[in-house]
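To start, the structure itself, in structure tokens.
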Amino acid sequence: MNTKVLASWLLAGLVLIAIAIVVAPRNSYSNQDREQLLAGSSPHHPAGTDALGRDRMVRVCAAFLLSVAGAIVASAATTLAAAAVGTLAAFSPAFLGSVAMLVCDVFLALPWLFLLMMVRSALPLTTSPAHSAALTFLVLAALGWPACARAVYRGALDLRNAEWMLQARAGGLRGKQIARHVLPNLMPLLIPQFLICIPAFVIAEANLGALGLGIGEPLPSWGGMLLELDNSAMLLQTRWVYLPIGLLVLVLLLLETVAVEV
Amino acid sequence: MKPAVFLLQRLTRTIAIILLVVVGSAVLIRFAPGYLSDAREMDSRYGDAARAELSAEAARSNSLGQILSTETAGWMRGELGISRQYDVPVLELILPRLAVTGGLLLRAIVFAWTLALCASLIASVRRNPSLLWQTPATLLLAVPTAAMATICLLAGGGGPVLVMTLLVASRDFKFLDRILRKAWRDPHLLQARAQGITTLRLVQAHILPGIASQLLALATLSIVTALSALVPVEVIFSVPGLGQLAWSAAMNRDLPVLLAVTMIMAVAVTFAGMASDRTGEWQGA
């Protein structure tokens, strides 16, 4: 069994375990046990509770599912946008292609995390937790496409100049028909881009959350849970505070293994 | 095409990108749904009169044209506008922080390159990628910068330079290892090795000159990686640099400061890219 298959199975296993924990009766990420604040491991709370008495295991699992699901959706949106922009730019007149690439350069002229922080901070202060989660991943999707679009543009340009494409265009193939032939040929480029974006978005969400600009409470998020590490008194009380970072690193390693091995 | 004309074209494109970044940032922030909300309005320490003044100030700066004209006037005066948060010229805020951030970036990038280059030179001599070298780099890349900074802070060992060095070095190592591994497999190098030329001589005379243009492109990427890590690192370690200023400006919707920092970042990234492209072309020639 190769590394990629093993990583995929491990990821699938983690997702199933997380779903089982989150949907189990009486398990809710926002339930508070006010008798057991910052408690250690117990039969009721295998990974203890946080400062508000919420079950840490349920919250970590919910954060994992939310983060991975959000990153997958955002990555799909980014890849679609990049495919559309890159392909249209490559098959448009040269001037339009240059303008599209200039727009990409404008986005790429700023470090990604800085751009994310700037956009996310300009959003309303009073958004609901669900909206903040949707907005965070929407912003990630909206800002993640330029690098991917550049790669797609190069690939589509090569396809445009390929002999079979020249013959197809000379034969009078229309836009829709060309797209039907071009997109399957771009798949080897788009699939790795999609897979690479997933861990990148998970890390970006965690970094944004750690800066206080991520998903709002009480929704669980990696960034929100990493903020707990700031409290040294809490660290002395329970070592389970390190669970989110441990699981996050494991998930990212698995995601990167799947992406790189493609 | 004459080199001067080509350079002029690249310079014009770079300046156009920087201007578009600044105008685009202003548009993005102005039309963001939360632009007119102010964190200070939620602060109970502000009285009714102060809150009314804040609302009036927000309403005054409603039009995009007005924002841009005010900013341009501030830039023409050489003060880069007045900070909404601190009520002082933005230049006064930026200059001392620029030195702090510049020093941090320079040290981190130099240490990271030394570390990554040494590690990849040793690792790439072996035929197959070694887990001993690959695992730490992969592991470091999987830790979010904010988490790495927090762990270093808690452990009491290492500061902002260490975190940024580790981040940049692990990313650079991945690329350098691949580039060097490919370079070692070139037929002329295989023959040179077979003839007994020393590794040091091969690296100096054949490997490094051969991959110089790729190293320059990687140098640009290092700058972008380091700049990306700047905000979480400076915020967590309380380093009074540009990253911390940008974060504070973003949290308080201080548009003049945010635009000035944005421009500095854009200048750094685009000029680094332009310089590496240009030097790569000279190397190629």
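Every read-out reported here was derived from the displayed coordinates using simple, explicitly stated rules and does not represent laboratory data. This structure is a prediction, so every number in the text was calculated from the model and none was measured. Every residue, glycine among them, receives a Cβ derived from its backbone with ideal geometry; neighbour counts consider all protein chains shown.
Over all pairs of different C-alpha atoms in segment B:175-285, the reciprocal of the mean inverse distance, the Kirkwood hydrodynamic radius, equals 16.8 Å.
Take segment A:1-41, drop everything but the C-alpha atoms, weight them equally and run the Debye formula without solvent; then report log10 I(q)/I(0) at 0.16, 0.25 Å⁻¹ to two decimals. Log10 of I(q)/I(0), two decimals: -0.61, -0.87. When shorter helices are ignored and each DSSP H run of at least 4 residues is given -39500 (n - 2.57), the per-residue value for chain B at 222 nm works out to -25500 deg cm²/dmol.
Of all lysines in the structure, the ones whose alpha carbon falls short of 19 Å from that of A:Lys4, not counting any fewer than 8 places away in one chain, are B:Lys174. FRET efficiency for the B:Arg185 to B:Val88 pair, using the beta carbon distance and R₀ = 60 Å, is estimated at 0.55. The distance between label points at B:Ser130 and B:Arg77 comes to 6.1 nm (points 7 Å beyond Cα on the Cα→Cβ vector). Adding -39500 (n - 2.57) for every DSSP H run of four residues or longer, then dividing by how many residues chain A holds, sets the calculated 222 nm ellipticity at -24500 deg cm²/dmol. The value obtained for chain A, namely the Cα convex hull volume divided by the number of residues, is 151 Å³ per residue. Charged side chains reduced to their Cβ positions (Lys and Arg at +1, Asp and Glu at -1) give segment B:67-183 a dipole of some 740 debye around its Cα centre. Sorting the Cα pairs of segment B:87-204 by distance into bins of 5 Å, from 0 upward, gives 2, 10, 16, 17, 14, 12, 10, 7, 5, 4, 2, 1, 0, 0 percent per bin. Computed extension gain for A:Arg169 through A:Ala134, at 0.36 nm per residue and net of the alpha carbon distance, reaches 8.4 nm. For segment B:78-132, a simple Cβ point-charge model (Lys and Arg +1, Asp and Glu -1, everything else neutral) yields a dipole of about 500 debye relative to the Cα centre.
Going by neighbour counts of Cβ atoms within 10 Å, the residues B:Arg30, A:Arg154 line up, fewest first, as A:Arg154, B:Arg30. Pairs of Cα atoms nearer than 8 Å and 6+ residues apart set the relative contact order; for segment B:144-262 it is 30 percent.
Return an integer: the convex hull volume of the alpha-carbon atoms of segment A:49-104, in Å³ per residue.
Each residue corresponds to 72 Å³ of Cα convex hull volume.
Normalised Debye scattering of chain B at q = 0.11 Å⁻¹ gives log10 I(q)/I(0) of -0.80, counting only Cα atoms as equal scatterers and leaving out solvent.
Measuring nothing but alpha carbons in segment A:144-262 and taking Rh as the Kirkwood radius, the Rg to Rh ratio lands at 1.24. The value for segment A:195-262 of Rg(Cα) / (2.2 N^0.38 Å) is 1.21. Summary of the geometry: segment A:14-84 and segment B:58-111, compared by the centres of their Cα atoms, lie 40 Å apart. Taken about its Cα centre, segment A:170-262 carries a charge dipole of roughly 620 debye when the Cβ of each Lys and Arg holds +1 and the Cβ of each Asp and Glu holds -1.
Using +1 at the Cβ of each Lys and Arg and -1 at the Cβ of each Asp and Glu in chain A, identify which of A:Leu37, A:Leu6, A:Ala206 lies farthest towards the dipole's positive end. Checked the options; the winner is A:Leu6.
Rg/Rh for the protein assembly as shown (Cα atoms only, Rh after Kirkwood) is 0.98.
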